[in-house]
């Protein structure tokens, strides 16, 4: 059954409820809700095949580099990453966190915690190839 008001203004009961629910029939002015777009993830894939070398890096939680391996161009990075996780599990470590968007996992055993990642930059002692050049001895002061 339709009320006289709804007939006079041409509203259907569902429409009246919607307007009442939004506060438009009782004098309150409710600001329209903004359109919310779903969050779109980026297209970055840290395990995408690269034509440049990548590095497998293991760090302690204090930032000390424990292991660095160069992964030659064309290496299957997902396979390498998953194999590293399996190797840690087989060695008795527990995978504490896993972040596939950044190519990092954290493993812990006892009081030790390691961060393992696939990095596009050299993290080893030869970072930046500064050590590839012969080192010049410091100039003597000539006194």
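Read-outs throughout are calculated quantities, based only on the coordinates presented, and are distinct from any laboratory measurement. Bear in mind that the values here come from a model prediction, so they are computed numbers and not experimental data. All Cβ positions, even for glycine, are placed from backbone atoms using ideal geometry, and neighbour counts span all protein chains on display.
Neighbour counts of other C-beta atoms within 10 Å: give me 85, 61 arranged from fewest to most.
61, 85
So, in nm, how far is label residue 102 from label residue 86 when the simple model puts each one 7 Å beyond its Cα toward the Cβ?
Result for the modelled spin labels: 2.6 nm.
For region 54-123, what value does the Rg/Rh ratio take when both radii are computed over Cα atoms and Rh is the Kirkwood radius, given to two decimals?
On the way: Rg = 11.5 Å, Rh = 12.2 Å.
Ratio of gyration radius to Kirkwood radius for region 54-123: 0.94.
Distance in nm between label sites at residue 123 and residue 67, each 7 Å beyond Cα in the beta-carbon direction?
So the label points at residue 123 and residue 67 sit 1.2 nm apart.
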